[in-house]
Amino acid sequence: MSDQPLLRVRGLTKHFPVRQGLRATGLVQAVDGLDFDVRPGETLGLVGESGCGKTTTGRMLVRLLEPTAGSIEFAGRDITHAGRRELRPLRQDLQIIFQDPYASLNPRHTVGRIVAMPLQVNGIKPPGGIKARVQELLELVGLNPEHYNRYPHEFSGGQRQRIGIARALALRPKLIVADEPVSALDVSIQAQVVNLLRDLQRDLGLAFVFIAHDLAVVRHFCQRVAVMYLGRIVEIGDRADIYERPQHPYTRALLSAIPDVTRLGPGGRIRLTGDVPTPLDPPSGCRFRTRCWKAQDICATQEPALVPRDGGNQATACHFPEAVGASPEAEGAPGGDAAGAIVEEVSP
Amino acid sequence: MDSSDPAPSGEPDDRPTVPGQRSDQGAYLRVTDLRVRFDTEDGVVRAVDGVSFAVERGRTLGIVGESGSGKSVTSLAILGLHDAKRTTITGEISVGGRQVVGLGDEEVRRLRGRDMAMIFQDPLSALHPYYTVGRQIAEAYRVHHPEVSRREARQRAVDMLDRVGIPQPVRRFDQYPHEFSGGMRQRAMIAMALVNDPALLIADEPTTALDVTVQAQILDLLADLQAEFHSAIILITHDLGVVGQVADEVLVMYGGRAVERGSVEQVLRSPQHPYTWGLLSSVPSLHGDADADLLPIRGNPPSLINLPSGCAFHPRCRYAERPGGRARTEVPELRPAGAAGEAGTNGHLVACHLTAEERTTLYAEDIASVGVAR
Ligand SMILES: Nc1ncnc2c1ncn2[C@@H]1O[C@H](COP(=O)(O)OP(=O)(O)OP(=O)(O)O)[C@@H](O)[C@H]1O
Ligand SMILES: Nc1ncnc2c1ncn2[C@@H]1O[C@H](COP(=O)(O)OP(=O)(O)O)[C@@H](O)[C@H]1O
Ligand code: SF4
Ligand code: SF4
Ligand SMILES: [Mg+2]
Ligand SMILES: [Mg+2]
């Protein structure tokens, strides 16, 4: 793994104007100043609640959306505003897999045609011919190469997701942005696809930006994890940092909310109350403060920066991060209601 | 822990009743040999094929299985919501002592909402977009309480909104469903389902569309309301973590059939059916070795029009060859899981041709070793 990042994102921002008639009445601050790197062959998980800006980020990375501000460098080149033509040589290296295995495949095209499409569009002629390459790809993702002439509706959800993966692999990319690639699948099928992605990642040395709301899936796939809240990264770190030593209160709450099949009963949990505030008018200072049980006056006035802790790989945007070593379950988050703080600890 | 031993229903009743032990005598809901068939252009869909279970008041039954295993069809049958013209239902469904199968539309409607209610995955399908949330809850109350005034019904609706944790219930009463967030809509639907204090609540994937933080709130709410109203709850989900958190008993369905049933400890801690093993070993966990491969179930769920012969799970089962070819020819019955005469598996049932000894060995060697039931 080289230390030169494959993907370098700085201050990445997307604001959507909200219009009533012709008048712009506000701005949805969907993504607001993201900084992160992805090195070659590295898997970065992007997690957070619905609406926190994961998909918007992913779509900016592959240039399906125009950033409002910030920069995206890919393999040393600035692609922030790259047009189709400038992007062409890089297109091959940068692919996306979508969440919905149904909507993302053209129902009137055969599987062969769907997987061959990126090769044709980019004028690539594989040595053994397109068909041979496509069949090789189908085999790689665990589909029967003889099903080349079948249509998407003849496949199950998990198989359709494999077709989407084969298509993304056709150009031998260096980085794949996968937006919730397994969320729509049954757990049994989800495990098949996660294992497949892991094998491909290892065998082909692919880098991934893996978008998911399921932290347990991310734990099985990603080496690094970025936790998003309301358009910002609140914590980023190596897998072990995030899962074993979370320092941001939101990361802790998120982890603690996951029902774990290895633990029966309600268990001790941090309960966040209320909903995520609207990105049209995010809270001042720390965006998490309206749901944070540790919030103090400074949290409303001063935005906490995403700063590395202890000189390591882990960075946390919080004025009062957790002490290193405090386990998520051990240290209580008492239900003080002082600053509209709204958390309750349910005891086992 | 005998409090977690559900007595099976629909089994030959030859076991002596142990004093102090639960029996389904007291069950509020009793489903016996339920079969639901749809006649479609492609053929007959046997969506539910001989399923039995019972739920007492104050207890929660979790029903799990992959999509298409018949979970929702089962719950719609209990609520009498299937279209009688296209559906054939046999077996018995007893709700508070009354038979639902064969009951007239009007009578089922009277039971529904008052004695039993349902919450769905998608609250928008249950809430009408053109009426305010409060009005819909108040109407649901008045349908079963024609004697109350509008003002009383309104007060009742506001109380319910408050009870399910919706802030500013008086103001929220007059808002429309689209003005609520996903989590609040789910709360509103729960308020509507519970407005008549039903003894039986069926929740079909109530949290699947929600974020984990909101899911945790809704599951807590259901548990609180159950403690307060002492209702029997059926929670349908494909998330075994959710089942582990809230269920007392678990029913595992595959291809329209029950393949395993028991207390939550029995089914999640000492699962007996190879399909249950597959579900458990597929789940990514927050603990244990993150680098270990997950152990998925190979293949795909079967078509209910053309179910595999014998044990419907056999095309995907790693042990199908073991029970001497019977897997293909003979449907395994749902039987007590333990070896004959063995104590400690009370009420734990499994439908598999493997012997209890084989299951114990295979589970220990193949499944537990990769770090599932820790
Ligand atoms: N085209 C658009 N116009 C206006 N607002 C938008 C648009 N696209 C997204 N948004 C808003 O931007 C925010 C981030 O959306 P995004 O789809 O990136 O969330 P997400 O993290 O992917 O959520 P989910 O987990 O639900 O997929 C949301 O508030 C969303 O409503
Ligand atoms: N009204 C219907 N007509 C025909 N088939 C149906 C109908 N409702 C459900 N089915 C079929 O019955 C099977 C079980 O469905 P369901 O109970 O919804 O599964 P799940 O376990 O995912 O809730 C599926 O194969 C489904 O397609
Ligand atoms: S900065 Fe303040 S409000 Fe934000 S997470 Fe940290 S303690 Fe909570
Ligand atoms: S009966 Fe045979 S095929 Fe069916 S689950 Fe048991 S071992 Fe597998
Ligand atoms: Mg998204
Ligand atoms: Mg269903």
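The values are calculated or read from the model by the stated rules, or taken from the named source; none is laboratory data. Fair warning: this is a prediction, and the values are worked out from it, not measured in the lab. Neighbour counts are summed over all protein chains in view; Cβ atoms, including those assigned to glycine, are modelled from backbone coordinates with ideal geometry. In case anyone asks, the SASA skips ligands and DNA or RNA and just uses the protein heavy atoms, side chains included. Shrake-Rupley method; radii C 1.70, N 1.55, O 1.52, S 1.80 Å.
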Å³ per residue of the Cα convex hull, for segment A:127-167?
63
Mean Cβ neighbour count within 10 Å, used as a protection proxy, ranking B:359-368, A:123-132 highest first:
B:359-368, A:123-132
Among B:G70, B:G256, B:G58, whose mean-square fluctuation peaks in a Gaussian network model of chain B (Cα, cutoff 10 Å)?
B:G58
Contact order normalised by length for segment B:154-301, with contacts defined as Cα pairs under 8 Å and 6 or more residues apart; what percent is it?
14
For B:R171, placing the label point 7 angstrom along Cα-to-beta-carbon and taking segment A:269-284, residues whose amide nitrogen sits under 16 Å are A:274-275, A:277-278
Expressed in nanometres to one decimal, the distance between label points 7 Å along Cα→Cβ at B:R328 and A:R202 is 3.4
Dividing the mean separation of Cα pairs under 8 Å (6+ apart) by the residue count of segment B:128-201 yields a relative contact order in percent of 41
How many Cβ atoms of partner chains, on average, are near each residue of B:294-307 if near means within 10 Å of its Cβ?
4
Normalised by the number of residues in segment B:271-370, what is the relative contact order in percent for Cα pairs under 8 Å and 6+ residues apart?
26
Computed label-point distance, nm, for sites A:T278 and B:E139 using a 7 Å Cα→Cβ extension:
2.7
Helix B:150-163: angle to the longest alpha-carbon principal axis of chain B, degrees 0 to 90, nearest 10?
40
Taking chain B as a Gaussian network, where each spring joins two C-alpha atoms under 10 Å apart, which residue of B:P301, B:P146, B:P206 fluctuates the most?
B:P146
For segment B:124-196, what are Rg and Dmax over the alpha carbons, in angstrom?
10.9, 33
Counting only pairs 8 or more residues apart or on different chains, how many lysine pairs in the protein assembly as shown have their Cα atoms under 30 Å apart?
8
Karplus-derived HN-Hα couplings along segment B:219-236 (A = 6.51, B = -1.76, C = 1.60, θ = phi - 60°), whole Hz, x at Gly and Pro
5, 4, 4, 4, 5, 4, 5, 5, 4, 6, 9, 6, 8, 7, 10, 10, 10, 9
Would you work out if segment B:239-374 is rounded, prolate or oblate? Take a ≥ b ≥ c from the square roots of the eigenvalues of the alpha-carbon gyration tensor; rounded if a/c is under 1.5, else prolate when a/b is larger than b/c, oblate otherwise.
rounded
Mind checking the mean number of beta-carbon atoms from other chains within 10 Å of the Cβ atoms in B:55-61?
0
With no solvent and one equal point scatterer per Cα, compute the Debye intensity ratio I(q)/I(0) for segment B:123-254 at 0.10, 0.13 Å⁻¹ and report its log10, rounded to two decimals.
-0.32, -0.54
In terms of the Cα gyration tensor, with a ≥ b ≥ c the square roots of its eigenvalues, is the protein assembly as shown rounded because a/c is under 1.5, prolate because a/b exceeds b/c, or oblate?
oblate
Summed buried accessible surface, chains B and A, 1.4 Å probe, nearest 100 Å²:
3900
Over chain B, the sum of -39500 (n - 2.57) across DSSP H runs of at least four, divided by residue number and rounded to 500 deg cm²/dmol, gives at 222 nm -8500 deg cm²/dmol
Counting only helical runs of four or more DSSP H residues, what would the 222 nm mean residue ellipticity of chain A come to if each run contributes -39,500 (n - 2.57) and the total is spread over all its residues?
-8000 deg cm²/dmol
Any idea what diffusion coefficient segment A:69-208 gets from Stokes-Einstein, in µm²/s, Kirkwood Rh on alpha carbon pairs, 10 °C, 1.306 mPa s?
101
Which one of B:V243, B:V95, B:V283 has the biggest mean-square fluctuation once chain B is modelled by GNM with Cα springs under 10 Å?
B:V283
Protein accessible area in the protein assembly as shown, 1.4 Å probe - carbon and sulfur %
49
Take peptide A:180-189, look around each residue's Cβ out to 10 angstrom, count Cβ atoms belonging to other protein chains, and average those counts.
6
Here the gain from full extension of A:E86 to A:Q120, 0.36 nm per residue of separation minus their alpha-carbon distance, amounts to 10.4 nm
For segment B:274-348: rounded, prolate or oblate by the Cα gyration tensor [a/c cutoff 1.5]
oblate
Can you work out ³J(HN,Hα) from phi for every residue in segment A:23-29, in order, using Karplus 6.51 cos²θ - 1.76 cosθ + 1.60 and θ = phi - 60°, giving whole Hz and x for Gly and Pro?
8, 6, 10, x, 10, 7, 8
